[in-house]
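Here's the structure, in C-alpha coordinates; my notes come after.
The values are calculated or read from the model by the stated rules, or taken from the named source; none is laboratory data. Keep in mind that this is a model prediction, so the values were computed, not measured. Every residue, glycine among them, receives a Cβ derived from its backbone with ideal geometry; neighbour counts consider all protein chains shown. The accessibility values were calculated without ligands, DNA or RNA, using every heavy atom of the protein model including side chains. Shrake-Rupley method; radii C 1.70, N 1.55, O 1.52, S 1.80 Å.
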Amino acid sequence: QVQLVESGGGLVQAGGSLRLSCAASGRSFSSSAMGWFRQAPGKEREFVAAIDWSGGRRSYADSVKGRFTISRDNAKNTVYLQMNSLKPEDTAVYYCATNQKLYYSVSHIQYDYWGQGTQVTVSL
(Lines give C-alpha, C1' and ligand atoms only; values in the text may rest on other atoms or scores of the structure.)
Protein backbone atom coordinates (compact mmCIF):
# COMPACT_ATOMS: atom_id res chain seq x y z
CA GLN A 1 0.00 0.00 0.00
CA VAL A 2 1.24 3.48 -0.86
CA GLN A 3 0.36 6.63 1.01
CA LEU A 4 1.05 10.10 -0.34
CA VAL A 5 0.92 13.28 1.72
CA GLU A 6 1.21 16.70 0.10
CA SER A 7 2.25 19.88 1.86
CA GLY A 8 3.39 23.39 1.04
CA GLY A 9 0.25 24.91 -0.38
CA GLY A 10 -1.05 28.30 0.65
CA LEU A 11 -1.99 31.80 -0.40
CA VAL A 12 0.49 33.78 -2.46
CA GLN A 13 0.37 36.93 -4.56
CA ALA A 14 0.73 36.77 -8.30
CA GLY A 15 4.38 36.57 -9.26
CA GLY A 16 5.28 34.75 -6.08
CA SER A 17 6.58 31.25 -5.48
CA LEU A 18 5.61 28.13 -3.59
CA ARG A 19 7.24 24.75 -3.19
CA LEU A 20 4.99 21.74 -2.84
CA SER A 21 6.23 18.49 -1.31
CA CYS A 22 4.77 15.03 -1.52
CA ALA A 23 6.03 12.46 0.98
CA ALA A 24 5.47 8.84 0.04
CA SER A 25 5.40 5.73 2.15
CA GLY A 26 6.16 2.28 0.84
CA ARG A 27 9.19 0.58 -0.65
CA SER A 28 8.30 1.19 -4.27
CA PHE A 29 8.87 4.96 -4.37
CA SER A 30 12.37 4.83 -5.85
CA SER A 31 11.12 2.65 -8.72
CA SER A 32 7.93 4.59 -9.43
CA ALA A 33 7.13 7.56 -11.59
CA MET A 34 5.36 10.46 -9.90
CA GLY A 35 2.98 13.08 -11.19
CA TRP A 36 1.45 16.36 -10.08
CA PHE A 37 -2.08 17.22 -11.13
CA ARG A 38 -4.42 20.04 -10.21
CA GLN A 39 -8.12 20.67 -10.13
CA ALA A 40 -9.81 24.03 -10.00
CA PRO A 41 -13.47 24.44 -8.97
CA GLY A 42 -15.79 23.39 -11.75
CA LYS A 43 -12.96 22.07 -13.89
CA GLU A 44 -11.54 18.64 -14.63
CA ARG A 45 -8.36 17.39 -13.07
CA GLU A 46 -5.43 18.35 -15.29
CA PHE A 47 -1.86 17.26 -15.69
CA VAL A 48 0.81 19.63 -14.36
CA ALA A 49 4.12 17.75 -14.30
CA ALA A 50 5.60 14.27 -14.05
CA ILE A 51 8.96 12.66 -13.40
CA ASP A 52 10.21 9.15 -14.04
CA TRP A 53 11.65 6.83 -11.41
CA SER A 54 15.21 8.14 -11.72
CA GLY A 55 14.47 11.80 -12.28
CA GLY A 56 16.03 11.59 -15.71
CA ARG A 57 12.87 12.34 -17.63
CA ARG A 58 10.34 15.03 -16.88
CA SER A 59 7.28 16.42 -18.55
CA TYR A 60 5.30 19.61 -18.07
CA ALA A 61 1.98 21.00 -19.17
CA ASP A 62 2.41 23.87 -21.61
CA SER A 63 0.70 26.20 -19.17
CA VAL A 64 3.44 25.75 -16.54
CA LYS A 65 6.51 25.12 -18.68
CA GLY A 66 9.33 27.45 -17.74
CA ARG A 67 7.70 28.37 -14.42
CA PHE A 68 7.35 25.04 -12.57
CA THR A 69 10.02 22.44 -11.84
CA ILE A 70 9.41 18.90 -10.67
CA SER A 71 12.14 17.02 -8.82
CA ARG A 72 12.52 14.07 -6.51
CA ASP A 73 14.74 12.83 -3.71
CA ASN A 74 14.54 9.05 -3.59
CA ALA A 75 16.50 8.93 -0.35
CA LYS A 76 13.73 10.94 1.29
CA ASN A 77 10.83 9.32 -0.59
CA THR A 78 9.73 12.80 -1.60
CA VAL A 79 8.78 14.55 -4.82
CA TYR A 80 8.69 18.33 -5.13
CA LEU A 81 7.02 20.92 -7.31
CA GLN A 82 8.73 24.30 -7.33
CA MET A 83 6.27 26.88 -8.62
CA ASN A 84 7.58 30.30 -9.65
CA SER A 85 5.92 33.29 -11.31
CA LEU A 86 2.56 32.12 -10.09
CA LYS A 87 -0.57 33.38 -11.78
CA PRO A 88 -4.18 33.56 -10.56
CA GLU A 89 -5.05 30.82 -13.05
CA ASP A 90 -2.73 28.47 -11.15
CA THR A 91 -5.23 28.49 -8.29
CA ALA A 92 -6.35 24.91 -7.66
CA VAL A 93 -6.03 21.92 -5.39
CA TYR A 94 -2.75 20.21 -6.26
CA TYR A 95 -2.43 16.45 -6.01
CA CYS A 96 0.54 14.16 -6.29
CA ALA A 97 0.08 10.66 -7.59
CA THR A 98 2.00 7.54 -8.53
CA ASN A 99 1.39 4.91 -11.18
CA GLN A 100 3.87 2.49 -9.61
CA LYS A 101 5.66 2.14 -12.94
CA LEU A 102 9.11 3.29 -14.01
CA TYR A 103 7.82 5.84 -16.50
CA TYR A 104 5.11 8.44 -16.21
CA SER A 105 1.88 9.13 -18.00
CA VAL A 106 0.23 12.50 -18.49
CA SER A 107 -3.21 10.95 -18.02
CA HIS A 108 -4.59 10.92 -14.49
CA ILE A 109 -6.42 7.70 -15.34
CA GLN A 110 -3.08 5.85 -15.33
CA TYR A 111 -2.31 6.70 -11.70
CA ASP A 112 -3.22 4.33 -8.90
CA TYR A 113 -2.52 6.23 -5.71
CA TRP A 114 -3.29 9.83 -4.84
CA GLY A 115 -2.63 12.20 -2.01
CA GLN A 116 -5.34 14.23 -0.31
CA GLY A 117 -4.36 17.42 -2.11
CA THR A 118 -3.08 20.80 -1.03
CA GLN A 119 -4.76 24.11 -1.86
CA VAL A 120 -2.83 26.73 -3.81
CA THR A 121 -4.45 30.16 -4.10
CA VAL A 122 -2.85 32.94 -6.13
CA SER A 123 -4.24 36.42 -5.63
CA LEU A 124 -3.88 39.47 -7.82
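Things to note:
Here is a yes/no grid of residues against (1) touching an Asp or Glu at 6+ places or on another chain (Cβ under 8 Å); (2) on the phi > 0 side of the Ramachandran plot; (3) among the hydroxyl-bearing types (Ser, Thr, Tyr); (4) buried (at least 16 other Cβ atoms within 10 Å of the Cβ):
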residue	(1), (2), (3), (4)
Ser54	no, no, yes, no
Ser59	no, no, yes, yes
Thr78	no, no, yes, yes
Asn84	no, no, no, no
Lys87	no, no, no, no
Asp90	no, no, no, yes
Tyr94	yes, no, yes, yes
Val106	no, no, no, no
Val122	yes, no, no, yes
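- Within region 67-89, residues that are small (Gly, Ala, Ser) have Cβ atoms under 7 Å from residues that are part of a loop (DSSP other than H, G, I, E, B) and open to solvent by less than 50 Å² (accessible area, probe 1.4 Å) in these pairs: Ser71/Gly55; Ser85/Arg67, counting only partners at least 6 apart in sequence or on another chain.
- In region 88-124, residue nearest to Gly10 (Cα to Cα) [restricted to those that are in contact with a Lys or Arg (Cβ under 9 Å, 6 or more places away or on another chain), assigned to a strand (DSSP E or B) and of a type outside the set (A, V, I, L, M)]: Tyr94
- Here is the figure for region 30-60: residues that are modelled with pLDDT under 95 and closer than 11 Å to Cys96 by Cβ total 0.
- Residues in region 1-40 that are of a type in the set (Val, Ile, Thr) and either under 12 Å from Asn74 (Cα atoms) or in contact with a Cys (Cβ under 9 Å, 6 or more places away or on another chain) (or both): Val5 only.
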